[in-house]
Amino acid sequence: MDKKTILCIGAGYVGGPTMAMIAAKCPDYKVTVADINAQRIAGWNSDRLPIYEPGLTQLVEKSRGKNLFFTTEVEKGIKESHIIFVSVNTPTKTFGSGAGKAADLQFWEKSARLIAEQSEEDKIVVEKSTLPVRAAEAIHRILQSNTKGLKFSVLSNPEFLAEGTAVADLENPDRVLIGSMISPEGHEALEELVDIYAHWVPRERIITTNVWSSEMSKLVSNAMLAQRISSINSISALCEKTGADIAEVSHAVGLDKRVGSRFLRAGVGFGGSCFKKDILNLVYLCETFNLHEVADYWEQVVLMNEYQERRFAERIVKNMFNTISGKRIAVFGFAFKADTGDTRESPAIYISRLLLNERADLAIYDPKALDNAKIDLGDVTAGIEYCSDPYEAVRGAHAIALITDWKEFAEYDYDRIFSLMEKPAFIFDGRNVLDHDRLFKTGFNVFPLGKAEMTHFE
Ligand code: NAD
Ligand code: UGA
């Protein structure tokens, strides 16, 4: 078999963009991406990709049909490929032992069993999904239990891309991490994967470790990033009480090179499919080893995030005279961050539900995430209007709740918006992306996050 054949099982937010980048940078490899979700595969084969990501369409079009293929034929893909990435979803378990914290590995295990069953030659299997520490060992056991005498090498190669900047992150990663088993076959497999990334990533940024360090590093990277957000968000609550300004504090603290300025933007809380899941995964791992103090320490990052989401909704109610019942509130942004249509674990879901619980009427606008918002709030039968135009959303609204940091929100005509709204008009800027002085002068009562409020009341 041609060794330059790659299959990726799972054509999601990671599998699709990652394989498109490998195909573009390694024209000497044939890259196939397979998924059981036929609709998703049809999307990847069309002009309307199943996920929104800046620059992704051009990247896919560069190689699709040449050395990049999307298919539902997983079995065939396994047979025809030497290197198999597995990038299926690993959500938090919702049942049985470890429910609510541990990772649900059923999709991974199914993939591993299928690889063992369908393979006719030795293969390299690459963990691309985020998995608990020591998962590679379990996967290796499943693969090696094949009765055909085949040998499988398992590598851990976690992905660090962030949504919204996936293409840039893949093109120019801070590092590529590859963990391998300590054996001659493990080393050989490692070299094959290093060769692929070395097509475009400087060699010194491709780091290699043992497989468990690699699995652990992925969980810890996400936990550390989320911890910074929860830390600054906790201080935003204190700023609102004391008159300190969270943007000034964050700037001053971040200028210390030992701290660094990134991931210190206070907001409505972190969302996304991974931070919460991966921290809970880490917490579960600690609990498994009776490290309860360590587990509690990391769980607090998630609890602080829930507090921040709740605090934002409660601030709205409190400042709108303790009732929002029957009041229209324009929700600006539903995606968990800008430049994506993804709403998984978006703070917007929780905050919207809290506002609906207070019987507000929501007018939700998002440039890319309205379809997902409709699914997330699909069980809500009344009290929501989904608007495809922000000016429509604010018509007759008492307040704007800004949840996502879309750049366009700062570019709107707020004089016009003010004229369309009920008075007194409120703006709760959950991301501090608007010009607060200007809004105040226009007549709004402005509630930035982690800063003093600006109201026209006596
Ligand atoms: P996703 O849900 O978007 O995609 C997973 C895909 O796997 C789905 O399309 C699903 O249909 C497919 N799948 C599931 N079981 C399958 C099977 N047996 N055979 C074939 N296809 C199957 O998930 P994602 O966001 O791409 O995340 C995948 C993994 O990568 C997760 O472990 C996640 O933690 C990790 N990760 C995600 C990101 C991110 O930004 N989303 C970043 C880094 C790491
Ligand atoms: C994150 C990590 O940044 C990636 O390295 C990792 O690969 C990925 O998780 C993953 O494993 O899934 P992502 O969730 O796509 O990427 O996006 P981030 O940019 O990390 O933002 C996550 C959340 O934190 C968003 O809701 C964002 O608005 C929020 N955030 C981020 C803040 O509130 N403040 C900040 O300063 C930064």
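Of everything in region 270-308, what is open to solvent by less than 20 Å² (accessible area, probe 1.4 Å) and within 16 Å of ligand 1 (Cβ to nearest atom)? Give them in sequence order.
F270, G271, G272, D278, I279, L280, N281, L282, V283, V302
Residues are listed down the side, and each one gets a yes or a no for (1) surrounded by fewer than 16 Cβ atoms within 10 Å (Cβ to Cβ); (2) among the aliphatic types (A, V, I, L, M):
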{"residue": "A425", "(1), (2)": "no, yes"}
{"residue": "N432", "(1), (2)": "no, no"}
{"residue": "R438", "(1), (2)": "yes, no"}
{"residue": "F447", "(1), (2)": "no, no"}
{"residue": "K451", "(1), (2)": "no, no"}
{"residue": "M454", "(1), (2)": "no, yes"}
{"residue": "E458", "(1), (2)": "yes, no"}
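Here is a check on your reading of the model: is K79 away from ligand 2 (no atom under 16 Å from the Cβ), surrounded by fewer than 23 Cβ atoms within 10 Å (Cβ to Cβ), over 20 Å from L7 (Cβ atoms) and in contact (Cβ under 8 Å) with a residue 40 or more places away in the chain?
no
Name every residue in region 198-234 that is in a helix (DSSP H, G or I), more than 16 Å from ligand 1 (Cβ to nearest atom) and closer than 23 Å to E171 by Cβ, in order of residue number.
Matches in region 198-234: R203, E204, R205.
Go through region 94-113 residue by residue and tally those that are closer than 14 Å to P132 by Cβ, within 13 Å of ligand 1 (Cβ to nearest atom) and in contact with a strand residue (DSSP E or B) (Cβ under 8 Å, 6 or more places away or on another chain).
Residues in region 94-113 being closer than 14 Å to P132 by Cβ, within 13 Å of ligand 1 (Cβ to nearest atom) and in contact with a strand residue (DSSP E or B) (Cβ under 8 Å, 6 or more places away or on another chain): 3 in total.
Which residues, counting only those in region 274-297, are touching a helix residue (DSSP H, G or I) at 6+ places or on another chain (Cβ under 6 Å), more than 19 Å from R134 (Cα to Cα) and charged (D, E, K, R)?
Hit for region 274-297 is K276, nothing else.
Quick one: is I124 within 23 Å of L177 (Cβ to Cβ) and either modelled with pLDDT of 95 or more or within 24 Å of the chain's Cα centre (by Cα) (or both)?
yes
In region 12-49, which residue that is open to solvent by 10 Å² or more (accessible area, probe 1.4 Å) and aromatic (F, W, Y) is nearest to the chain's Cα centre (by Cα)?
So the residue we want is Y13.
Take region 332-369 and flag every residue that is farther than 15 Å from S273 by Cβ, without any contact (Cβ under 8 Å) to a residue 40 or more places away in the chain and either open to solvent by 40 Å² or more (accessible area, probe 1.4 Å) or outside any helix (DSSP H, G or I) (or both).
The answer is R353, N357, R359, A360, D361, L362, A363, I364, Y365.
Can you tell me which of I316, I329, I324 is assigned to a loop (DSSP other than H, G, I, E, B), at pLDDT 95 or above and more than 11 Å from ligand 2 (Cβ to nearest atom)?
One residue alone meets the criteria, I324.
All but one of (1) over 26 Å from G272 (Cβ atoms); (2) within 15 Å of ligand 1 (Cβ to nearest atom) hold for D169, so report the exception by its number.
With respect to (1) over 26 Å from G272 (Cβ atoms); (2) within 15 Å of ligand 1 (Cβ to nearest atom), D169 is out only on (1).
Name the pairs: first residue in region 2-20 and among the polar types (S, T, N, Q), second residue within 9 Å of ligand 1 (Cβ to nearest atom), Cβ to Cβ under 8 Å, at least 6 apart or on different chains?
From region 2-20, the pairs are T18/S87; T18/K128; T18/E159; T18/L161.
Determine which single condition A244 fails, assuming it passes every other condition in (1) open to solvent by 60 Å² or more (accessible area, probe 1.4 Å); (2) more than 16 Å from ligand 2 (Cβ to nearest atom); (3) in a loop (DSSP other than H, G, I, E, B); (4) closer than 28 Å to G333 by Cα.
So A244 meets the others, but not (1).
Does region 311-327 include one or more residues that are buried (at least 21 other Cβ atoms within 10 Å of the Cβ), charged (D, E, K, R) and closer than 23 Å to R228 by Cα?
Taking every residue of region 311-327 in turn, none turns out to be buried (at least 21 other Cβ atoms within 10 Å of the Cβ), charged (D, E, K, R) and closer than 23 Å to R228 by Cα.
For region 25-75, name all the residues that are more than 20 Å from T165 (Cα to Cα), out of contact with any Cys (no Cβ under 8 Å at 6 or more places or on another chain), within 16 Å of ligand 1 (Cβ to nearest atom) and in contact (Cβ under 8 Å) with a residue 40 or more places away in the chain.
Scanning region 25-75 gives F70, V74, E75.
The values are calculated or read from the model by the stated rules, or taken from the named source; none is laboratory data. Quick caveat: nothing in here was measured; it's all calculated off a predicted structure. Neighbour counts run over all protein chains shown; Cβ positions are idealised from the backbone, glycine included. Ligands, DNA and RNA are excluded from the accessible area calculation, which covers all protein heavy atoms including side chains. Shrake-Rupley method; radii C 1.70, N 1.55, O 1.52, S 1.80 Å.
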